[in-house]
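The values are calculated or read from the model by the stated rules, or taken from the named source; none is laboratory data. Only a predicted model underlies this, so the values are computations on that prediction, with no experimental measurement involved. A quick note on method: Cβ atoms are made from the backbone with ideal geometry, for glycine too, and the neighbour counts reach across all protein chains shown.
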Amino acid sequence: MSTDTNSILGLKMPTDPRWVDLASISLEEILTDHAFCEQKAATQCISLIQRYPDKPELVNALSPIVTEEWGHFRMVWAEMKKRGFSLGRQRKDDYVNLLLQNEPKGIPAEEKLLHKLMIGALIEARSCERFRLLSEGLAEEALKKFYYKFMVSEAGHYRLFIDLAEQYFSEKQVRSAWKLWLSIEEKVLEMLAPRGDRMH
């Protein structure tokens, strides 16, 4: 994957370069937050399957992602145990919570699906960008390789959410919704200071 991840993913705002330095200082904190992010990603896929069981393409596509995301949690937890870190408690995710506050209200369930898929794609895209930064900016070679694998995986998940949206909605609808959520995310990031103890 090109290092120009933002242009590939369409993200409007690059992560503040200070974030990697902060994350490297707070390695136990960033790994803990990463572990919980993987748990939440698995839970979100389960939630979509439960909400839209009448869509076999969605069920077929997301079922293996649930397993993969939980496998990612186990990978991060194994890395933490190897370093003598403890998991700690789940942290509030201001980034995701602020995104979710922008979900349209009072719209049909079918239209809600489009926005949920866009949010999923957006979170995966931003995670991909952050993992790339860690894979390039951390000092430890083993951790750089560790995060490179996650970067590749998240890029695939971002694409999967977009592809799913294109199965159920027109190209114009998907393009319009993706543009909207990129703008929303830009505003959300402007509200948040870079934190080395958070993946987002």
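Name the pairs whose Cβ atoms lie under 8 Å apart, with the first residue in region 128-157 and without any contact (Cβ under 8 Å) to a residue 60 or more places away in the chain, the second of a type outside the set (F, W, Y) and part of a loop (DSSP other than H, G, I, E, B), and 6 or more positions between them or separate chains?
That search, which allows pairs on different chains as well, returns K144/L138; Y147/L138.
Sort out which residues of region 27-45 are surrounded by fewer than 16 Cβ atoms within 10 Å (Cβ to Cβ) and over 11 Å from W70 (Cα atoms), and write them in order of number.
E28
Under 9 Å by Cβ, and 6 or more places apart or on different chains, what pairs join a residue from region 52-67 that is part of a loop (DSSP other than H, G, I, E, B) with one that is surrounded by fewer than 11 Cβ atoms within 10 Å (Cβ to Cβ) and of a type outside the set (S, T, Y)?
So the pair list comes out as Y52/A109.
Have a look at S2, S24 and point out the one that is at pLDDT below 90 and either surrounded by fewer than 19 Cβ atoms within 10 Å (Cβ to Cβ) or more than 15 Å from the chain's Cα centre (by Cα) (or both).
Residue meeting the stated conditions: S2.
Would you mind finding the one in K149, K105, K116, K92 that is surrounded by fewer than 16 Cβ atoms within 10 Å (Cβ to Cβ) and modelled with pLDDT of 95 or more?
K149
Restricting attention to region 70-85, which residues are free of Cβ contacts under 8 Å to residues at least 60 places away in the same chain and of a type outside the set (A, V, I, L, M, F, W, C)?
G71, R74, K81, K82, R83, G84, listed by residue number.
Does E185 meet the test of being under 21 Å from E38 (Cα atoms) and either more than 15 Å from the chain's Cα centre (by Cα) or among the acidic types (D, E) (or both)?
yes
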